[in-house]
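Only one structure is covered here, and it is reproduced in the block below.
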Amino acid sequence: AGGAPQPGNAGTWSGGCDAARATGSYAFEQVRAAYGLDAVGTGSGGSVAIVNLGEGVPAADQSTLARCFGLPAIGTRTLLTDGQAKPFGRGSFEPQEDLALARGMAPGLASLTFSQAWLAQQVWFLGPAQVLSAPRLPDSLSISYGQCERLVRGRRADTSSRAGARLMDAILVRLGLVGVSAFASAGDFGSTCNGQPYPGVAWPASSPFLTAVGGTRLVLDAANARV
């Protein structure tokens, strides 16, 4: 702010293949240490479900991640949505990033579920609904997608969008009752309404029936301590 210089990243790379290091990003272990996750554990034996909307993570990407960071084998399954004949392929960076962060922050996970739904916000609830109805419930559900809440639940939102949001809430309540913790991204656009030219919050992170997760800017010194 006000032209003040920003601190530089001086962290020490702590694990991963050359291709990952070349991106200039932090290694997973650097991030885990910075936020104290290394003291909490590795998520050993846990299970996570991730919602994919109109895009997915090919098996080759899952193998590449595991090889690069020396991650152990893990069980995966993909839940297809209504009218879907085969899993979605690559789209944006979102599904790969979801996979990388889930495995990188909890390298001891035993299983991952990819629950897929069509891109239209009216049917996003089908992703969590498939998780609820599938055998072997996960420990947690992650949703990294978002839409301006006003466009989904506001006065000018169409009837199907409002109905879809109510169904999402109902499914989230049921997931909570059976012990599945649900999380959603608060968005990448600050105080704007998920990128719209006015203030607001992102949905489904705005639902009272899950935990909204925001981001921080992480800067490390050479000892990988936060500065």
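The values are calculated or read from the model by the stated rules, or taken from the named source; none is laboratory data. Since the structure is predicted, the reported quantities are computational estimates derived from the model, not experimental observations. Methodologically, a virtual Cβ is constructed for each residue, glycine included, from the backbone with ideal geometry; neighbour enumeration extends over all protein chains shown. SASA here: full protein model, heavy atoms, side chains in, ligands and nucleic acids out. Shrake-Rupley method; radii C 1.70, N 1.55, O 1.52, S 1.80 Å.
Key figures for this structure:
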quantity: Leu119 being part of a helix (DSSP H, G or I) and under 24 Å from Glu55 (Cβ atoms); calculated: no
quantity: Total residues in the range 161-193, condition touching a Lys or Arg at 6+ places or on another chain (Cβ under 9 Å) and more than 27 Å from Asp139 (Cα to Cα); calculated: 3
quantity: Matching residues, the range 178-195, being touching a residue at least 24 places away in the same chain (Cβ under 8 Å) and surrounded by 14 or more Cβ atoms within 10 Å (Cβ to Cβ); calculated: Val180, Ser181, Ala182, Phe183, Ala184, Ser185, Ala186, Gly187, Cys193, Asn194, Gly195
quantity: Close pairs (7 angstrom Cβ cut-off, 6 or more residues apart or separate chains): farther than 17 Å from Ser25 by Cβ in the range 47-75, in a helix (DSSP H, G or I) and small (Gly, Ala, Ser) anywhere; calculated: Val48/Ala102; Ile50/Ala102; Val51/Gly127
quantity: Of the criteria (1) surrounded by 14 or more Cβ atoms within 10 Å (Cβ to Cβ); (2) out of contact with any Ser or Thr (no Cβ under 9 Å at 6 or more places or on another chain), which one Arg90 fails; calculated: (1)
quantity: Filtered residues of the range 148-192 (kept if under 18 Å from the mean Cα position of the chain (by Cα) and at positive phi); calculated: Gly187, Gly190
quantity: Restricting the range 36-53 to residues that are open to solvent by less than 40 Å² (accessible area, probe 1.4 Å) and either assigned to a loop (DSSP other than H, G, I, E, B) or polar (S, T, N, Q) (or both), the residue that is farthest from Gln84 (Cα to Cα); calculated: Gly36
